[in-house]
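The values are calculated or read from the model by the stated rules, or taken from the named source; none is laboratory data. Everything quoted here is computed from the prediction, not taken from an experiment. All Cβ positions, glycine included, derive from the backbone under ideal geometry; neighbour counts span all protein chains shown. Heads up: the accessible areas ignore ligands, DNA and RNA and are worked out on the full protein's heavy atoms, side chains in. Shrake-Rupley method; radii C 1.70, N 1.55, O 1.52, S 1.80 Å.
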Amino acid sequence: MKAFVVEKIGDKEFNADVKEISKPTCGENEVIIEVTYSSLNFKDALSSTGNPGVTRKFPHVTGIDLAGTIHQSNSAVFKEGERVLVTGYDLGMNTDGGHSQFVKVPASWVVRTPDAISDSEIMTFGTAGLTAALSVFELEKNDITPESGPILVTGATGGVGSIAVSILSKIGYQVVAISGKSEKTEFLKRIGASDVILRDEFNESSHKRPMHSETYAGVVDTVGGEILANALKYIKYDGVATCCGLTSSHELNTNVFPFILRGVRLIGIDSVECKLEKKQKVWKKLSSKWKIDTLNNLTTEIKLDGIKEAYGSLLAGKAVGRYVVKIKD
């Protein structure tokens, strides 16, 4: 079968490309999935370079998301032919991932795909969409409604950010987007942003004061670092910020004033080890009232032989929206 494989060829050298490899064997409480679609994420791109923080086992197949059908099952929970998806856990990290025609995973990682959404659509969401949706889920759970005020989304042209903008706009929120790409302003407005703030201008105008006027009911932060620290200063009383990324920085240098003077809550978002019941609930929302009308605007579809070039764009920070990988013709 064909797969996108990363091989270690020296102490610090790696080669990544499409190869023919052996089809996996199904063990106890495992399933083999025939993959129809997968997607690309920044973590996949890091794995393709041999980044030890993501992958330590080589040769290795990338792809932290997949959708397809059960090809073989040694589990009482799933039967052959059922439509399923997998995101998170160790998939595509040290367990061979979704950039392959067939993938073996523990049955405990698998979620049934809602009937109302196609495999290509659900992979447009993928881990990025699940992460964005979990962020929106936490805003709703903490009583941040469209009437509460605008929501600020950072890193808005990225996979998580662009989907967060689209979902929030679809369900009635006013969305203000932050991006470092001035040329993508129209793109962001097309997918639902009412206003766009350039990253450098936001940081420059924000860093001098410990607090700013109450502007946003909530923040969906995808980048961490200075942008999140500054965004916290603008959140309204009893507002919420969710945090799911670190492409800007893993450090957060802030002060306590937003928390002790305005009761602001900072909520971490993790889609990797998220409970299956919660994932299923969010996937159902994404296949129904949160299903966005701008999926085509967010998506670039490629095949296995296009992954290598796409990884280059992701690592260079030039990617916009989501890459969906068509595995089965």
Of the listed residues (E30, E34), the one being in contact with a helix residue (DSSP H, G or I) (Cβ under 8 Å, 6 or more places away or on another chain), of a type in the set (D, E, K, R), at pLDDT 95 or above and within 24 Å of R112 (Cβ to Cβ) is E30
Log entry, pairs with first residue in the stretch 211-225 being without any contact (Cβ under 8 Å) to a residue 40 or more places away in the chain, second being in a loop (DSSP other than H, G, I, E, B) and among the polar types (S, T, N, Q), beta carbons closer than 9 Å, six or more apart or on different chains, reads G224/T154; G224/T247; G224/S248; G225/T247; G225/S248; G225/N253
Would you mention how many residues in the stretch 171-185 are at pLDDT 95 or above and farther than 10 Å from V153 by Cα? 4
Considering only helices (runs of 4 or more DSSP H) wholly within the stretch 275-329, the ones with at least 1 residues that are under 16 Å from the mean Cα position of the chain (by Cα), among the charged types (D, E, K, R) and within 15 Å of I122 (Cα to Cα) are 276-286
For L91, all conditions in the list (1) open to solvent by 30 Å² or more (accessible area, probe 1.4 Å); (2) over 24 Å from L295 (Cα atoms); (3) not small (G, A, S) hold save one; what is the number of the exception? (1)
Determine whether L246 is in a helix (DSSP H, G or I) and within 19 Å of the chain's Cα centre (by Cα). no
Selection count where residues are in a strand (DSSP E or B) and more than 17 Å from the chain's Cα centre (by Cα), scope the stretch 136-176: 4
Only one of (1) small (G, A, S); (2) farther than 30 Å from T69 by Cβ; (3) modelled with pLDDT of 95 or more fails for A133. Which number is that? (2)
Cβ-Cβ under 7 Å, sequence separation 6+ or interchain: first residue in the stretch 19-40 and outside any strand (DSSP E or B), partner of a type in the set (S, T, N, Q) and open to solvent by less than 40 Å² (accessible area, probe 1.4 Å). Which pairs? N29/S75
Residue pairs meeting the criteria (Cβ under 7 Å; at least 6 apart or on separate chains; first of a type outside the set (A, V, I, L, M), in the stretch 121-143; second open to solvent by 10 Å² or more (accessible area, probe 1.4 Å) and part of a helix (DSSP H, G or I)): E121/L295; T124/L295; T131/V160
For L266, the lone unmet condition from (1) more than 23 Å from W109 (Cβ to Cβ); (2) open to solvent by 30 Å² or more (accessible area, probe 1.4 Å); (3) touching a residue at least 40 places away in the same chain (Cβ under 8 Å); (4) not hydroxyl-bearing (S, T, Y) is (3)
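Table: residues versus (1) charged (D, E, K, R); (2) open to solvent by 20 Å² or more (accessible area, probe 1.4 Å); (3) at pLDDT 90 or above.
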site: G224; (1), (2), (3): no, no, yes
site: N230; (1), (2), (3): no, no, yes
site: D238; (1), (2), (3): yes, yes, yes
site: L261; (1), (2), (3): no, yes, yes
site: S271; (1), (2), (3): no, no, yes
site: K281; (1), (2), (3): yes, yes, yes
site: K285; (1), (2), (3): yes, yes, yes
site: T294; (1), (2), (3): no, yes, no
site: K303; (1), (2), (3): yes, yes, yes
Checking the condition without any contact (Cβ under 8 Å) to a residue 12 or more places away in the chain and open to solvent by 10 Å² or more (accessible area, probe 1.4 Å), which residue from A107, A76 passes? A76
In the stretch 37-70, which residue that is of a type in the set (S, T, N, Q) and surrounded by fewer than 21 Cβ atoms within 10 Å (Cβ to Cβ) is farthest from T95 (Cα to Cα)? T69
With respect to L66, is the statement that it is modelled with pLDDT under 95, in contact with a strand residue (DSSP E or B) (Cβ under 9 Å, 6 or more places away or on another chain) and not basic (K, R) true? no
Out of the residues in the stretch 1-17 meeting the condition of being open to solvent by 50 Å² or more (accessible area, probe 1.4 Å) and in contact (Cβ under 8 Å) with a residue 60 or more places away in the chain, tell me which one is nearest to D329 (Cα to Cα). K2
Picked from the stretch 188-207 (must be under 16 Å from L232 (Cα atoms) and touching a residue at least 12 places away in the same chain (Cβ under 8 Å)), the residue surrounded by the most Cβ atoms within 10 Å (Cβ to Cβ) is F202
Do we have V220 as closer than 24 Å to L130 by Cβ, under 19 Å from the mean Cα position of the chain (by Cα) and surrounded by 17 or more Cβ atoms within 10 Å (Cβ to Cβ) here? yes
